[in-house]
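A short write-up of the structure that comes next.
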Amino acid sequence: MTRFSKFAIAAALALAAVACQDPVDKAAKARIFSPEDPPKVVASAAEKLPPEDVADNPRVARRILSMDAAEVTERLGPHAYKATVSSEWAGAPGTAPVKLSETRTFRAGPGGVSGDFHGVLENSRDQGLEVMRVGGKVYARNRYGTFRQRLRDRGMAERTRSELTGAIRDMDALFRGRIHLSPQGTVTHEGRTAWRYTVDLGPEGNTGTTPASLPGLIEPKGGRDETTKRRLAFFEHRTPKSLSGEVLVDASTSVVLKVRLDGRITVPASDAGGAAELRMVLDSALSEIGQDPRLQPPESFLPDADKPQGIADALDRFGIPRNKPEGADTGAAPGPSDEPGDDEGN
């Protein structure tokens, strides 16, 4: 080894020793080799939210009203949830109102954010869905369909869990965060002490939420369709007119245990349509707190599929011949059980 090589090695070792003493490097190594942080929802569930501060602190009020189902399960443990949401649109005089009601049921098992759950959504138009997660495996179906296992769930089950149990959060957003709570002492619900609040329509202004700065909408080349115009006009010009009801908040966990809301929103006439009024009623309650529902997977279900069945597969299933180009094989079309080989494009 030459004298220059020995000198280079010694210099490199010296630099490495100095680098090890650099506070920036030490901090980086501490981050890399530190224990993994718990999920964000676990940290959120550990935050103290005094329910007695709800009436005077908009941030606490919005935090409690918008609490996600995962955090509720972390705070409360196993429970059952049921909500009924009714809406009625009234338009021009002489026109029949448009009504829709939906029922949401949800059962959470033990295990917190990663535990089992079962959710069902049904509405008065004979539509709905059902999602369950048991033992880490997800199954889903529409109202009258067959369960299909979802091995590549990609967060669908967690999103559905949040949407099913977020009725009060959605209604608060619809009323522009103007749910105002007035304390009325404590009551007992499901054997638990709860703070009772009456609801009215609060003033505009500081509602405890920070509006997001979103980019402007991209205009389509052919202009917006009429349905989109009416929907955007509603969200832009909606004006809450009245709101009443009550909310019960658990004294020990700050989880909303029961809700009754009845409110009205008006929309003035615009280029998108005439004036209209929306009435919404929400009834929801938690029950069976602390009771393990002992959820079981469905007795029968379809296996996960690489890709959904297309129109051609549906034609084959019902024996409807396809239109084939000249020169194509005119033999019987493959059955629905036939799968493409590895050399065929997916």
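The ranking of M156, M280, M67 by Cβ neighbour count inside 10 Å, starting from the fewest, reads M156, M280, M67.
For segment 225-264, the Kirkwood estimate of hydrodynamic radius, built from reciprocal distances between every pair of different alpha carbons, is 12.9 Å.
A90 sits among other residues whose Cβ lies under 13 Å from its own Cβ, and their net charge, with Lys and Arg +1 and Asp and Glu -1, is +2.
Available extension along the chain between S270 and R125 is 49.3 nm, counting 0.36 nm per residue and deducting the alpha carbon span.
A Förster distance of 30 Å, applied to the separation of the beta-carbon atoms of S114 and S300, puts the FRET efficiency at 0.70. Charged neighbours of T105, selected by a Cβ distance under 11 Å, balance to 0 (K, R count +1; D, E count -1). Given a Förster radius of 41 Å and the C-beta distance between R159 and A92 as r, what FRET efficiency does 1/(1 + (r/R0)^6) yield to the nearest 0.05? Working from the Cβ atoms, E equals 0.65. Projecting label points 7 angstrom from Cα along Cα→Cβ for A43 and K99 puts them 4.8 nm apart. Looking at the square roots a ≥ b ≥ c of the eigenvalues of the Cα gyration tensor of segment 102-232, which shape do they give, rounded for a/c under 1.5, prolate if a/b is larger than b/c, or oblate? Oblate.
Between E219 and D56, 0.36 nm times their residue separation minus their Cα-Cα distance comes to what? Write down the numbers at each step before the final one.
Numbers: separation 163, 0.36 × 163 = 58.68 nm, distance 4.20 nm.
Length difference between fully extended and current span is 54.5 nm.
Once you divide the Cα radius of gyration of segment 102-167 by 2.2 N^0.38 Å, the number left is 1.06. Pull out a ≥ b ≥ c, the square roots of the eigenvalues of the alpha-carbon gyration tensor of segment 75-132, then state rounded if a/c is under 1.5, prolate if not and a/b is larger than b/c, and oblate in the remaining case. Cα axes put segment 75-132 in the prolate bin. Across the cross-link table entries K99/K241; K48/K137; K48/K82; K82/K137, which are compared at the Cα atoms, the separations over 28 Å belong to K48/K137.
Which net charge results when you count Lys and Arg as +1 and Asp and Glu as -1 among the other residues whose beta-carbon is under 9 Å from that of A45? List each step's numbers first, then the result.
Values: positive: R75; negative: E47, E71, E74.
Its environment carries a net charge of -2.
Each label was represented as a point 7 Å from its Cα along the Cα-to-Cβ direction; for A314 and T193 these points are 5.8 nm apart.
Where a number appears in this text, it was derived from the coordinates with a stated rule and is not lab data. Remember, it's a predicted structure, so these values are computed and weren't measured experimentally. With ideal geometry, Cβ positions are generated from the backbone for all residues, glycine too; neighbour counts draw on all protein chains shown.
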